[in-house]
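Here the structure comes first, spelled out in structure tokens, and everything after it is commentary.
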Amino acid sequence: MSNSKLPEVFEKREQEITDQWVEQQQATGRKLTAAEREEANRQSREFIRSLKGALRKNSGGGISGPEWAGVRDFLVDLSSRRAKDGYSPRETASFVFSLKQPLFSALRTELGADSKVLADETWQATLLVDELGLLTTEAFQKTREEVILRQQKELLELSTPVVRLWENILALPLIGTLDSARTQVVMQNLLEAIVQTRSDYAIIDITGVPVVDTLVAQHLLKTVAAARLMGADCLISGIRPQIAQTIIHLGVDLSEVTTKATLADAFDVALRRSGHKVVRQDAAPSGAAAR
Amino acid sequence: MGEFLLVTIQVDMHDRLALTLQDDLTGQIVKHRAHGVLIDISALEIVDSFIGRMLASIASMAHLLDAETVVVGMQPAVAITLVELGLPMRGIRTALDVEKGMTALRTAILEGQDGDSSSIR
């Protein structure tokens with residue numbers, strides 16, 4: 001590409017290419033607000049500027065060379081920003097691909113006389129734009145994957161909260177399916193919270209667990225056993241009728257664990273075991289409104 | 001400590017040390033006529049199945065000598081390891097720290113005097 005006419009043509013026709021390109025983008029892209037159009041305009045001109053610089057210094061090593069660093073950074077930044085803003089992959093990639101038409105027409109105007117040179121140059125330009133387009137798509141994909149990973153992590157943490165109900169009673173509302181990885185997180189969170197709050201009782205509420213099979217039951221029993229080793233008593237609550245049936249049909253032995261149908265019942269048991277008593281304060285002076 | 005013995009495990013337990021501990025502890029229980037043993041393992045960071053079994057057998061031995069055992073201060077990581085090893089140590093009383101362990105011992109001894117010490121097998 002070292003003796004390519006592309007940089008020369010580009011330099012000469014920069015204004016024309018840029019204008020056509022911006023127009024092209026606005027014609028093919030979705031409807032933009034005035035501010036978005038302004039932003040797209042600015043981005044396009046900035047890109048053209050850095051592309052021009054890179055073309056001028058180009059030594060022929062493709063876009064992985066150091067002189068292309070500016071262009072690469074710009075594109076990666078742009079597409080990752082677009083990925084976060086909810087652009088589609090097509091919209092992001094067409095930012096680069098729509099450059100083809102103005103570029104080719106500029107080449108044709110300049111080199112139209114010599115069809116062999118024109119074909120060569122067009123081919124070079126295609127290669128270049130394709131490379132840039134691939135880079136954009138890759139960056140777009142990568143940002144999306146990062147978002148997904150982060151969400152997975154957040155979901156894992158969100159779904160295993162440990163709540164302090166009383167001075168020495170913890171609750172662990174489980175939501176979603178329990179697999180081995182989650183059990184580890186749940187167990188760790190629970191044990192750390194037991195140490196932190198010096199709790200004697202932990203209530204594991206499984207209202208939000210859709211399915212309990214032997215594996216899930218085993219995970220639950222493990223958690224209970226680990227909490228017991230730390231000196232905390234575990235209660236399991238929120239067992240729905242279907243789940244009670246499944247547990248018995250599967251032959252899972254939960255007899256060593258105190259189980260209750262609702263979190264309220266389990267809380268009541270924990271309060272009583274820790275020596276607390278809940279009484280209703282009757283405001284009525286006549287007094288005898290007993291419950 | 002009165003009628004209680006407190007054992008603090010400060011170093012990594014290796015097998016020989018564990019056996020020495022069994023000897024010492026049973027001797028001390030008889031000598032001091034202790035009714036309760038607190039084993040503090042808060043400094044213990046690594047456990048294997050041998051240590052788990054050792055703790056269980058110390059508890060049984062102490063029970064034979066009419067003393068209740070409470071293991072206190074287990075690290076979360078240790079608890080998870082023991083459970084994953086399949087050693088939930090059902091026969092042993094546990095408590096979060098020494099203070100809670102003392103309370104647990106007193107309750108256990110009271111229960112024992114009432115002739116109801118079914119929790120240690």
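Computed from the coordinates by the stated procedures, all read-outs in this text should not be read as laboratory data. On a predicted model such as this, the values are computed, not experimentally measured, just so you know. Glycine gets a Cβ as well: all are built from the backbone with ideal geometry, and neighbour counts include every protein chain shown.
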**Request:** Treat each spin label as a single point 7 Å out from the Cα along the C-beta direction, and report the B:GLN28 to A:LYS12 distance in nm.
**Result:** 9.7 nm
**Request:** Calculate the dipole size of the protein assembly as shown relative to its Cα centre from +1 charges on Lys and Arg beta carbons and -1 charges on Asp and Glu beta carbons; express the result in debye to the nearest 20.
**Result:** 780 debye
**Message:** To test your reading of the geometry: what angle, between 0 and 90 degrees and rounded to tens, separates the Cα axis of helix B:98-113 from the longest principal axis of chain B?
**Reply:** 40 degrees
**Unit charges on C-beta of K, R, D, E only; dipole of the stretch A:160-291, Debye** = 280 debye
**Fill in**
Rounded to one decimal in nm, the spacing of the 7 Å Cα→Cβ label points at A:ARG240 and A:SER115 is 7.3 nm
**Request:** Can you tell me the relative contact order of chain A? Whole percent, Cα pairs under 8 Å, sequence separation 6 or more.
**Result:** 13 percent
**Complete:** Per DSSP, the loop-located GluC sites (Glu not before Pro) within the stretch A:132-171 having at most 15 other beta carbons within 10 Å are A:GLU167
**Complete:** With the dipole of the protein assembly as shown defined by +1 on each Lys or Arg Cβ and -1 on each Asp or Glu Cβ, the option from B:LEU5, A:LEU263, A:ILE203 whose Cα lies farthest towards the positive pole is A:LEU263
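Would you mind telling me the antiparallel percentage of the DSSP bridges in chain A, rounded to 5?
20 percent
Assuming 0.36 nm per residue, please report the length gained on full extension of the stretch A:GLN184 to A:VAL279 beyond their Cα-Cα distance.
Between A:GLN184 and A:VAL279, full extension yields 30.4 nm more.
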**Asked** In degrees from 0 to 90, rounded to the nearest 10, what is the angle of the helix A:100-111 Cα long axis to the longest principal axis of chain A?
**Response** 10 degrees
**Asked** Which FRET efficiency value, to the nearest 0.05, do you get for A:ALA40 and A:THR262 by plugging their Cβ-Cβ distance into 1/(1 + (r/R0)^6) with R0 = 51 Å?
**Response** 0.35
**Asked** Of the lysine pairs in the stretch A:6-150, how many meet both conditions: Cα atoms under 16 Å apart, and a spacing of 8 or more in sequence or different chains?
**Response** 4
**Burial ordering of B:THR8, A:THR259, fewest other beta-carbon atoms within 10 Å first** = B:THR8, A:THR259
**Request:** Using a 10 Å cut-off on Cβ to Cβ distances, tally the other chain neighbours for every residue of A:177-189 and report the average as a whole number.
**Result:** 1
**Message:** Can you say what percent of the DSSP beta bridges in the stretch A:163-273, counting only those with both residues inside, are antiparallel? Round to 5.
**Reply:** 20 percent
**Fill in**
Rounded to one decimal in nm, the spacing of the 7 Å Cα→Cβ label points at A:LEU127 and B:THR20 is 7.6 nm
**Request:** Report the antiparallel proportion of the DSSP beta bridges in the stretch A:51-207 as a percent, rounded to a multiple of 5.
**Result:** 40 percent
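A:GLU167 to A:ARG272: FRET efficiency via 1/(1 + (r/R0)^6), r the Cβ-Cβ distance, R0 22 Å, to the nearest 0.05?
0.90
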**Cα long-axis angle, helix A:214-229 against chain A (0 to 90 degrees, to the nearest 10)** = 70 degrees
**Asked** If Lys and Arg each add +1 and Asp and Glu each add -1, what is the summed charge of the other residues whose beta carbon sits under 15 Å from the beta carbon of A:LYS142?
**Response** +1
**Request:** Could you grab the relative contact order for the stretch B:3-115? Cα pairs under 8 Å, six or more apart, rounded to a whole percent.
**Result:** 28 percent
**Fill in**
Long-range amide H partners of A:LEU165, meaning residues 5 or more apart or on another chain whose placed amide H is closer than 5 Å, are A:LEU170, A:ALA171
**Request:** Return, ordered by residue number, the residues of the stretch A:65-108 whose backbone nitrogen is under 20 Å from a label point located 7 Å along Cα→Cβ of A:ARG144.
**Result:** A:75-98
